[in-house]
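Taken together, the values in this text are just the output of simple stated rules run on the coordinates, not laboratory data. Values in this document were obtained by computation on a predicted structure and should not be read as measured data.
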Ligand SMILES: [Cu+2]
């Protein structure tokens, strides 16, 4: 009885191990397939970008959520990216530049709103 119980336990443990290694396999495949799977979110609230500075991989997806009641944009001062108008509670997604560097951005409507995206 005792042996079959431990055998059952062993089988369960093996199952867990298999499931764990399988999920590891999936995540490493996702990582290998590129940065497209990764994404970061910048939230706009009280006329501020949060976080003000994000570090991303080249081409990583950047999601912008506007929690203010007024419309904002997230616009690179160098013209590399621009969400266009993001209305109240709206979400826009764009891709980070593929070239490494630091990209400053502002809100086109309220140009004192500033942030920074670092591609490394
Ligand atoms: Cu704005």
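For the stretch 35-119, the spherically averaged projection of the C-alpha convex hull amounts to 4.6 nm². Each Cα pair under 8 Å and six or more residues apart adds its separation to the average, and for the stretch 74-120 the resulting relative contact order is 36 percent. Compared with the alpha-carbon gap, the fully stretched path from residue 55 to residue 95 is longer by 13.1 nm at 0.36 nm per residue.
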